[in-house]
Amino acid sequence: MIRKTLSLPYGAKASALLTIAIVGATMTLGTQIAHAQERTKGVPVSRSAGDSLQAYLKLYDRQSDSWAKVDFPNPDLSLGALVAVCAKAKRSGYLSVWSRTLDGQRPVRIYPNDLTPEERKVKGGKMEAGQELCLGDAQQGYGFQVEEPLAPAEVYLHWSPDLGGQFAPEDIPVIPDHGSTSSRSASAPYSATVLRYRVVAANEGDLTDE
């Protein structure tokens with residue numbers, strides 16, 4: 001699944017430092033997991049709602065020092081890969097992003113996070129109408145990394161026109177399974193979308209430059 005990491009030194013020239021940073025960053029996830037464990041109130045949501053939100057993932061290529069849009073549906077993402085979550089809304093509002101595996105584990109909020117204290121304080125990050133927001137591409141001082149288990153996983157994006165439509169500290173979204181009859185809502189007071197992918201073993205050389 002996709003998790004928040006520490007700030008990473010993107011760029012091909014920093015490949016050796018990047019490998020070290022990735023190892024260190026995976027040691028910092030305890031706080032984020034603890035926050036998820038504090039959430040006790042399930043809030044049912046739809047997998048797809050409204051028409052305001054568009055989203056996709058970008059994958060970072062270390063050798064070319066560039067980002068490429070991930071092709072959907074159901075792409076494979078290699079263990080250890082660095083990704084960004086990009087979203088755009090037709091109207092101004094607020095966004096939260098959640099990551100989960102499909103083995104019954106509760107979703108973990110990856111945005112807002114510990115490294116976005118102002119957004120975290122108000123439960124969601126501000127989005128301006130028509131402007132693309134890419135989270136985790138190092139511009140915000142943090143990144144997202146693909147981690148175990150090797151299994152299908154999802155990113156859930158939740159847009160609301162105001163902060164009242166975001167989740168309180170005790171709330172956690174209850175996301176229907178893929179194909180559920182309750183997976184789509186045209187009348188919900190929010191917009192939502194799910195990016196589904198599969199985590200696969202990293203190919204040799206994925207984490208370091210040749």
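Here are some notes:
- Only one of the numbered conditions (1) at pLDDT 90 or above; (2) loosely packed, with under 13 Cβ neighbours inside 10 Å is violated by GLY179, and that is (1).
- Of all residues in the range 95-113, those satisfying the criterion of being open to solvent by less than 50 Å² (accessible area, probe 1.4 Å) and not polar (S, T, N, Q) are LEU95, VAL97, TRP98, ARG100, PRO107, VAL108, ARG109, ILE110, TYR111, PRO112.
- Strands (runs of 3 or more DSSP E) wholly inside the range 96-145 containing at least 3 residues that are touching a residue at least 40 places away in the same chain (Cβ under 8 Å): 108-111, 133-135
- Assessment of the range 37-53 against the conditions (open to solvent by 70 Å² or more (accessible area, probe 1.4 Å), farther than 23 Å from GLU128 by Cα, at pLDDT below 50 and of a type outside the set (Asp, Glu)) yields at least one matching residue.
- Of all residues making up the range 150-169, the number that are at pLDDT 90 or above, open to solvent by 70 Å² or more (accessible area, probe 1.4 Å) and either of a type in the set (Lys, Arg) or touching a helix residue (DSSP H, G or I) at 6+ places or on another chain (Cβ under 9 Å) (or both): 0
- Annotation note: of VAL23, VAL70, VAL97, VAL85, the sole residue that is at pLDDT below 80, out of contact with any helix residue (DSSP H, G or I) (no Cβ under 7 Å at 6 or more places or on another chain) and among the β-branched types (Val, Ile, Thr) is VAL23.
- Close pairs (8 angstrom Cβ cut-off, 6 or more residues apart or separate chains): free of Cβ contacts under 8 Å to residues at least 12 places away in the same chain in the range 48-65, surrounded by fewer than 17 Cβ atoms within 10 Å (Cβ to Cβ) and aliphatic (A, V, I, L, M) anywhere: ASP61/ALA68
- Residues that are within 22 Å of ARG47 (Cβ to Cβ), more than 12 Å from the chain's Cα centre (by Cα) and open to solvent by 10 Å² or more (accessible area, probe 1.4 Å) occur at least once in the range 137-149.
The values are calculated or read from the model by the stated rules, or taken from the named source; none is laboratory data. Keep in mind the model is a prediction, meaning the values are calculated, not measured. Neighbour counts are summed over all protein chains in view; Cβ atoms, including those assigned to glycine, are modelled from backbone coordinates with ideal geometry. SASA here: full protein model, heavy atoms, side chains in, ligands and nucleic acids out. Shrake-Rupley method; radii C 1.70, N 1.55, O 1.52, S 1.80 Å.
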